[in-house]
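The values are calculated or read from the model by the stated rules, or taken from the named source; none is laboratory data. In this text the structure is predicted, and so the values were computed from the model without any measurement. Because the Cβ atoms are built from the backbone with ideal geometry, glycine has one as well, and the counts that use them run over all protein chains shown.
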Amino acid sequence: MADLLTENPGRTNSIQLLLAAPRGFCAGVERAIQIVERAIEKFGAPVYVRHEIVHNTSVVERLQRMGAIFVEDLAECPDDRPVIFSAHGVPRSVPAEASRRNLIHVDGTCPLVSKVHIEAERHFRLGREILLVGHEGHPEVIGTMGQLPEGSITLIETIADVATFKPRDPRNLAYVTQTTLSMDDVADIVAALRVRFPDIAAPHKEDVCYATTNRQEAVKAIAPESDLVLVVGSPASSNARHLVEMALKSGTRSAFLVEDVRAIDWSWFEDVHMVGLTSGASTPEDLVGGIVAAICSRFDTEVTEILTRREDVRFRLPRVLD
């Protein structure tokens, strides 16, 4: 899509549209969606999904039309139908209850979230007190904290939390992080942890996922040149919200999160000549395409894709779906 000039006869306002790349679906989201699709193919409709498989209304509605039923509790699932766990992960008690009920259950947890679970379990076995850098109430945080006995993990949301945290033993600590956080915010909190607790054990490899990092780097590349940045994604998507924050921190005059073209207020485009456009890791590309088309229909538009990194990560589906 690089350097594509779209002609709009009769349009007097001109817009340069910078498309961030990479954007949109990450490998974990693609895998989670494929799990639901494959389960419907194998077991027939309906299949049940505990929590939204990914945080995107368009994706959820499409899967509902195919035969997925989204619930928040296993109690809502009948005994004779499969249940799928969302990409965000679930507390250990959930698959245990599914096994007790002999439910066919498929784990859609992103492998990078599962990596955080494994790290937390390793620190717990070593007797360390664990800190989780994340946002209270996010399903990924609920799932990670639910991997271990209550009280084993303390949530750290801000640098202020670092200052007030009272460890049992400051020499026997470890931290893990939510995978969809702002990489800059994580860096600041981790720096504060290391200053206060120099012996704290860190992840073998950074927990903020490659896709979150790549999309934030791509926004940093387009935001300084843009008068306006649009991020396509759901308000429930942590990584999409952080893209808006990153755009504003990186120099754009204004930035907005929109679920689709219907959410755009065209008054935002007044006195705007350079627009940046990207999407969260759970946003399908057709929603981005719809916004590109709408902009091109209103303005003489030159579209340029700004590629900062190529992605080739793929995750295998669970064997139960073979």
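Table: residues versus (1) within 23 Å of Ser114 (Cβ to Cβ); (2) part of a loop (DSSP other than H, G, I, E, B); (3) more than 21 Å from the chain's Cα centre (by Cα).
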| position | (1), (2), (3) |
| --- | --- |
| Arg215 | yes, no, no |
| Ile222 | no, no, no |
| Leu230 | no, no, no |
| Ala236 | yes, yes, no |
| Asn239 | yes, no, no |
| Glu245 | no, no, no |
| Leu277 | no, no, no |
| Val313 | yes, yes, no |
Point to revise | Leu18 assigned by TED's automatic domain parsing to the domain that holds Glu270 and either aromatic (Phe, Trp, Tyr) or not in a loop (DSSP other than H, G, I, E, B) (or both) | key: yes
Review point. Within the bounds of region 193-204, is there any residue that is in a strand (DSSP E or B) and more than 23 Å from the chain's Cα centre (by Cα)?
Key: yes
Point to revise | Test: Val288 is within 26 Å of Gly108 (Cβ to Cβ) and either assigned to a strand (DSSP E or B) or not aromatic (Phe, Trp, Tyr) (or both) | key: yes
Review point. Taking into account only those residues within region 109-124 that are in contact (Cβ under 8 Å) with a residue 40 or more places away in the chain and not in a loop (DSSP other than H, G, I, E, B), which is farthest from Gly143 (Cα to Cα)?
Key: His123
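For every residue, the table says whether it meets (1) touching a Cys at 6+ places or on another chain (Cβ under 7 Å); (2) within 21 Å of Val90 (Cα to Cα); (3) surrounded by fewer than 18 Cβ atoms within 10 Å (Cβ to Cβ).
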{"residue": "Arg128", "(1), (2), (3)": "no, no, no"}
{"residue": "Thr158", "(1), (2), (3)": "no, no, yes"}
{"residue": "Arg168", "(1), (2), (3)": "no, no, yes"}
{"residue": "Thr179", "(1), (2), (3)": "yes, yes, no"}
{"residue": "Ala191", "(1), (2), (3)": "no, no, yes"}
{"residue": "Phe197", "(1), (2), (3)": "no, no, no"}
Study note, to complete from the structure: Apart from one, (1) touching a strand residue (DSSP E or B) at 6+ places or on another chain (Cβ under 8 Å); (2) more than 16 Å from Phe43 (Cβ to Cβ); (3) in the same structural domain as Ile33 (by TED's automatic domain parsing) all hold for Ala98; the odd one out is (2)
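Yes or no, residue by residue, for (1) surrounded by fewer than 16 Cβ atoms within 10 Å (Cβ to Cβ); (2) in a loop (DSSP other than H, G, I, E, B); (3) not β-branched (Val, Ile, Thr):
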| residue | (1), (2), (3) |
| --- | --- |
| Arg31 | no, no, yes |
| Val36 | no, no, no |
| Ile40 | no, no, no |
| Val49 | no, no, no |
| Val54 | no, yes, no |
| Val59 | no, no, no |
| Arg65 | yes, no, yes |
| Ile69 | no, no, no |
| Pro78 | yes, yes, yes |
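With respect to Gln147, determine if the residue is free of Cβ contacts under 8 Å to residues at least 60 places away in the same chain and not assigned by TED's automatic domain parsing to the domain that holds Ala293. Even if it seems obvious, please write down each step before you answer.
Details: free of Cβ contacts under 8 Å to residues at least 60 places away in the same chain: yes; not assigned by TED's automatic domain parsing to the domain that holds Ala293: yes.
Spelling it out, Gln147 is indeed free of Cβ contacts under 8 Å to residues at least 60 places away in the same chain and not assigned by TED's automatic domain parsing to the domain that holds Ala293.
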Point to revise | Considering residues of region 226-239 that are within 16 Å of Phe269 (Cβ to Cβ) and not hydrophobic (A, V, I, L, M, F, W, C) only, the residue surrounded by the fewest Cβ atoms within 10 Å (Cβ to Cβ) | key: Asp227
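Does Val176 satisfy the condition of being more than 12 Å from Asn239 (Cβ to Cβ) and either in contact with an Asp or Glu (Cβ under 7 Å, 6 or more places away or on another chain) or in a loop (DSSP other than H, G, I, E, B) (or both)?
On the way: more than 12 Å from Asn239 (Cβ to Cβ): yes; either in contact with an Asp or Glu (Cβ under 7 Å, 6 or more places away or on another chain) or in a loop (DSSP other than H, G, I, E, B) (or both): yes.
Answer is yes for this residue.
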